[in-house]
Structure formats: structure tokens, C-alpha cells
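Below is one structure, written out as C-alpha cells; comments come after it.
All of the numbers you see were taken from the coordinates with simple rules; none came from a lab. The structure displayed is predicted, hence computed values, not measured ones.
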Amino acid sequence: MMRPKEVLQKFVEAFNNADANTLAQLYSDNAINHQVAEEPIQGRESIRNMFIDSFAHAKMTCIVENMFEDGEWAIMEWRDPLGLRGCGFFHIVDSKIIFQRGYWDKLTFLRQQGLPIPRK
């Protein structure tokens, strides 16, 4: 069994390698990934597909600024090379992520990546 912080360290390594398959294996079958700028994604396969799509459209790198563990939770403050900052909260049970919530500025991300900004 891995501690939550160890799972999160594996997450960062897979994320920085744009490895959606390894990332997906870190989640439980019915996990929820809720990036607050987006609708929640539920289920390992849906989360894997989200990562595949994200890596296909943007060059993303996670530079860990702080990483903490508290019981079944791992918490990370991060930045990327372009200056975007955010944080993530990961509820981890039996070495699997069952819930993730991430906070970051979507508008800044889209601008930095040169991606279209949706108009309402």
C-alpha cells in the first residue's frame, strides 16, 4: 500500500510524462475528478479520456511547490513553467484516488496555451 503522498508523487511523474494510462490507473473505478473550472468527470475511463484530450491540446507541466499529506488526503500546490498556479486536493483510499478537486484559472491557462476562449 502506498501512502497518499506517494500516490501523488506518482501522479506528478505520470502527468509530466503526459501518460494518461498510468494516470488513470491511479484512480479507483468510480473516482471523481473535479477541476472547478470544468464539470466533474466520473469513472476511471472517463478520467483517462480527459487526460488524453488535455495532453493532445496543451503542453502541461506540473512543478510542485508544496505537497502535504493528512490522513487519507494529499494536497499539492503547483505551478507551471508559464506562471499558472493552482492547487489540488486528492482523497486517496487503498492507494487509489477516489476524489480529486483542482483549483486554477482557466482563462489564464487558455491564453497561455494559445487555445480558443469560449464566448457565452
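Couple of notes before you dig in:
- Along segment 111-120 the Karplus relation, 6.51 cos²θ - 1.76 cosθ + 1.60 evaluated at θ = phi - 60°, assigns HN-Hα couplings of 5, 5, 8, x, 9, x, 9, x, 9, 9 Hz to successive residues, with x for each Gly and Pro.
- Table column - 3J(HN,Hα) (Hz), segment 11-17, Karplus curve with 6.51, -1.76, 1.60, x for Gly and Pro: 4, 4, 4, 5, 4, 5, 9
- Amide H contacts under 5 Å for TYR27, placed H, 5+ residues apart: ILE97
- Amide hydrogen neighbours beyond the local backbone of GLN35, cut-off 5 Å, H modeled: ILE41, GLY102
- Spatially near lysine pairs across the chain, Cα under 26 Å, sequence gap of 8 or more or different chains: 10
- Hz values of 3J(HN,Hα) by residue in segment 34-50 - Karplus curve (6.51, -1.76, 1.60), Gly and Pro given as x: 10, 7, 4, 7, 10, 6, x, 10, 10, x, 4, 5, 5, 5, 4, 5, 4
- Largest-first principal axis extents, alpha carbons of segment 3-82, Å: 32, 29, 23
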